[in-house]
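Below: one structure, written as structure tokens.
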Amino acid sequence: MLADTLYKPRPRRTRRFRLPRLLHALISLFLVWSAIETYSLSNHFDRIDRAAEYQDHAMPLSARIFIASIHWNDEEVLRSHWNNAVLDLVRALGPDRVFLSIYESGSYDNTKGAIRELDADLEDLGVPRKVVLSDVTHEDDIQVPDMEKGEGWIDTDEGERELRRIPYLARLRNQSLQPLEELARDGVVFDSVLFLNDVVFTPGDVLELLDTNGGDYAAACSLDFSSPPSYYDTFALRDSHGNGHVTHSWPYFRSSTSRRAMKVLAPVPVSSCWNGMVAMPALPFYEHLRFRGISDSLAQSHLEGSECCLIQ
């Protein structure tokens, strides 16, 4: 009897099981919250999509758009999407309100053939344009004599001279802009420059981009995807605080300002971007702004920056 009346401490099992229960509760709350947010966002996107069907993104009648594009080994996307989208775009903007500058740089596939077909269709529409099909390949560029390997080249750890990619791309982009300066000398000027990458797009995408904030922007970019939902161009995009992406998929941005705008499909404030297509006011380019890379001395220290973010 005495043994039965002695105090017997209860096993301390409560704490052992409390944490997993709390963790399960938090996970459940997170899943419920995620489901509610996903449902809310889905409904929001549906409403915006339905409204977009009736929204008019017509540009001012006097607005003129200079379209610049560079290509390399793009035959597949040109034939499947890009050529037709460009033709639809110039019809939407008006053939008399655009100029199309295409620079192809030594492709190994039949990109040249696809561009020639587009050129013929543009001719039928009466679209002013300049199309350059270069026979100089990237291999030709890196096989130049050592005495010509100056600016834009760096020394590798193996003791060789290596052509830097960013200054090379900057040179190609600048070549696509040459007609802008040539036309200006003849009194033909433009309101916006639209850079189009080898992406799948619709005329509505471009019209909406050009109309971002009513046209009040230093640059307006799309968001491009190679393997959705992960976005593609991680090199150039920085959020409103200058941070790189926090995730490759939704909601992408670290800055709460950028993230909030993304969630309601408002124009997302960023400090730099490119991402498939970008619209910029044309005026700065008439002041001889051009794409560039960082200095070779910095690149020699294994640093690099996108030519899309370096314009001077």
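Worth pointing out:
Residue-by-condition table, conditions (1) more than 18 Å from the chain's Cα centre (by Cα); (2) not aliphatic (A, V, I, L, M):
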{"position": "Arg238", "(1), (2)": "no, yes"}
{"position": "His248", "(1), (2)": "no, yes"}
{"position": "Pro251", "(1), (2)": "no, yes"}
{"position": "Ala261", "(1), (2)": "no, no"}
{"position": "Ala266", "(1), (2)": "no, no"}
{"position": "Asn275", "(1), (2)": "no, yes"}
{"position": "Leu298", "(1), (2)": "yes, no"}
{"position": "Leu303", "(1), (2)": "yes, no"}
{"position": "Glu307", "(1), (2)": "no, yes"}
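- So Asp135, is it surrounded by fewer than 19 Cβ atoms within 10 Å (Cβ to Cβ) and over 18 Å from Ile67 (Cα atoms): yes
- Count of segment 127-165 residues, restricted to those that are over 30 Å from the mean Cα position of the chain (by Cα) and within 30 Å of Phe99 (Cβ to Cβ), is 0.
- Set side by side, the residues Asp186, Asp157 differ, and just one is surrounded by fewer than 17 Cβ atoms within 10 Å (Cβ to Cβ), without any contact (Cβ under 8 Å) to a residue 12 or more places away in the chain and under 18 Å from His288 (Cβ atoms), which is Asp186.
- Ser295 being over 20 Å from Leu169 (Cα atoms) and either modelled with pLDDT under 85 or touching a strand residue (DSSP E or B) at 6+ places or on another chain (Cβ under 7 Å) (or both): no
- Scanning segment 140-161 for residues being modelled with pLDDT of 80 or more and not in a loop (DSSP other than H, G, I, E, B) gives a total of 2.
- Among the residues making up segment 289-309, those that are touching a residue at least 60 places away in the same chain (Cβ under 8 Å) and either farther than 19 Å from Ile154 by Cβ or touching a His at 6+ places or on another chain (Cβ under 6 Å) (or both) are Arg290, Cys308, Cys309.
- Count of segment 71-123 residues, restricted to those that are assigned to a loop (DSSP other than H, G, I, E, B), closer than 23 Å to Arg171 by Cβ and polar (S, T, N, Q), is 2.
- Considering segment 119-139, the residues that are hydrophobic (A, V, I, L, M, F, W, C), modelled with pLDDT of 95 or more and in contact with a Ser or Thr (Cβ under 9 Å, 6 or more places away or on another chain) include one that is nearest to Ala85 (Cα to Cα), namely Val131.
- Within the set Ser42, Ser80, Ser105, the sole residue that is at pLDDT below 95, of a type in the set (Ser, Thr, Tyr), surrounded by 11 or more Cβ atoms within 10 Å (Cβ to Cβ) and over 23 Å from Gly215 (Cβ atoms) turns out to be Ser105.
- Strands (runs of 3 or more DSSP E) contained entirely in segment 219-312, each with at least 1 residues that are among the aliphatic types (A, V, I, L, M), crowded, with 17+ Cβ neighbours inside 10 Å and out of contact with any helix residue (DSSP H, G or I) (no Cβ under 6 Å at 6 or more places or on another chain): 270-272, 277-281
The values are calculated or read from the model by the stated rules, or taken from the named source; none is laboratory data. None of these values were measured; they are calculated from a predicted model. No Cβ is skipped: glycine too gets one built from the backbone with ideal geometry, and neighbour counts run over all protein chains shown.
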